[in-house]
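What follows is a single structure, written as structure tokens, with notes after it.
The values are calculated or read from the model by the stated rules, or taken from the named source; none is laboratory data. Because the structure is predicted, anything quoted here is derived from the model rather than measured. Here the Cβ positions follow ideal geometry from the backbone for every residue, glycine too, while neighbour counts run over all protein chains shown.
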Amino acid sequence: MHLEQGKSRNRLFGAGALLLIGVALALGFWAIGTPKHEQAIGWDEQRSGRLEQLRSQIAGYYTTNKKLPTSLSALGPIGEAAYDPATRKPFKYRVVGSGHYQLCAFFSTDTRNDRYANTFQAHPRGLYCFTLPPTYY
């Protein structure tokens, strides 16, 4: 009889431990996000950094040439900055209106409610285009 009670107690203890581990994992994912979500945030941060590099190069081109480039290739060799780090597809660029241009990227997360200093860090999920002046301060 004591042997049966011991096995039953061990099973109960094991079930309680598994439940506690499950709850801890769920709370961890809720607090910091899943690994996939964290990876998506990382890709978006890299996208924002690359768009900022392009913005700087476009401003330099404008300062030198007094006009916006017709395409990103007009900037000369710009390397990885012109490409999405996850998909390796080029970012979209187009001149709009008089003296403005757009840089477009596909973002994995929505960060519009977060507070950021960088223009490119606040964006909705999905394709989003930033309309920018040729120079900035």
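Can you tell me which of 94, 115, 125 is surrounded by fewer than 16 Cβ atoms within 10 Å (Cβ to Cβ) and modelled with pLDDT of 95 or more?
Details: 115 fails: modelled with pLDDT of 95 or more; 125 fails: modelled with pLDDT of 95 or more.
Unique residue meeting the criteria: 94.
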Select from segment 32-54 the residues that are surrounded by fewer than 17 Cβ atoms within 10 Å (Cβ to Cβ) and among the hydrophobic types (A, V, I, L, M, F, W, C) and write down the one among them that is nearest to residue 132 (Cα to Cα). 41
Mind telling me which of the residues 16, 28, 6, 79 ends up being modelled with pLDDT under 90, surrounded by fewer than 13 Cβ atoms within 10 Å (Cβ to Cβ) and in the same structural domain as residue 123 (by TED's automatic domain parsing)? 79
Among (1) out of contact with any Leu (no Cβ under 8 Å at 6 or more places or on another chain); (2) surrounded by fewer than 17 Cβ atoms within 10 Å (Cβ to Cβ), where does residue 100 come up short? (1)
